Amino acid sequence: MFYSRPSFVPHTKKMAVGLPAKHLLNRIYPSWQSSSQWTDDPDSRQQMEHARHLAKYVFPRQYGLENAFSTSSGSSYGSFRFPAYMDREQEIKNRGSCKTPKRLKHVLDLLEKLIWRHRKCRYQLLLDLACPSKVI
């Protein structure tokens, strides 16, 4: 987070601090948006949907999705080229809806907390605390 180049938010003059803009947590709740917008509690049903969606990224093998440890026989990536797993939206959409495995149900609460903490974290304040700017 602190060791990457800062990136600009498209079509604005704001700088994105924290996780990259393409990261799933930023696609769910962008950290660069004003924190006053996120003061109210989210809908619990929607929050659990986001947690289930995040679980498909964290545990792709449990949902039958492609992962780095097993390759499908029909993959056209070549012998040494691996696909980028940063964006799996099309693969998840093609797979359709599926049940959450029983062994992952207790993890959903942790993933929900992860999303909540990412949503509430003020990355700019952390950055200012860890690396105060010398420019005034």
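Laboratory data are not the source of any read-out in this text; all were calculated from the coordinates shown. Remember, predicted model here, so these are calculated numbers, not experimental data. Here Cβ is always computed from backbone atoms with ideal geometry, including for glycine, and neighbour counts include all displayed protein chains.
Below, the figures for the structure above:
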{"read-out": "Cross-link table LYS22/LYS56; LYS13/LYS113; LYS13/LYS93, entries beyond 25 Å C-alpha to C-alpha", "value": "LYS13/LYS113; LYS13/LYS93"}
{"read-out": "Amide H within-cut-off set for ALA16, under 5 Å, with H built and near neighbours excluded", "value": "SER7, PHE8, VAL9"}
{"read-out": "Net charge of Cβ neighbours under 9 Å - reference LEU65; Lys, Arg +1; Asp, Glu -1", "value": "+2"}
{"read-out": "Net lengthening on full extension, CYS131/LEU104 (0.36 nm per residue, minus Cα-Cα)", "value": "5.9 nm"}
{"read-out": "Mean Cβ neighbour count within 10 Å, used as a protection proxy, ranking 52-64, 90-102 highest first", "value": "52-64, 90-102"}
{"read-out": "Packing-based order for 18-29, 106-117, using average beta carbon neighbours within 10 Å, highest first", "value": "18-29, 106-117"}
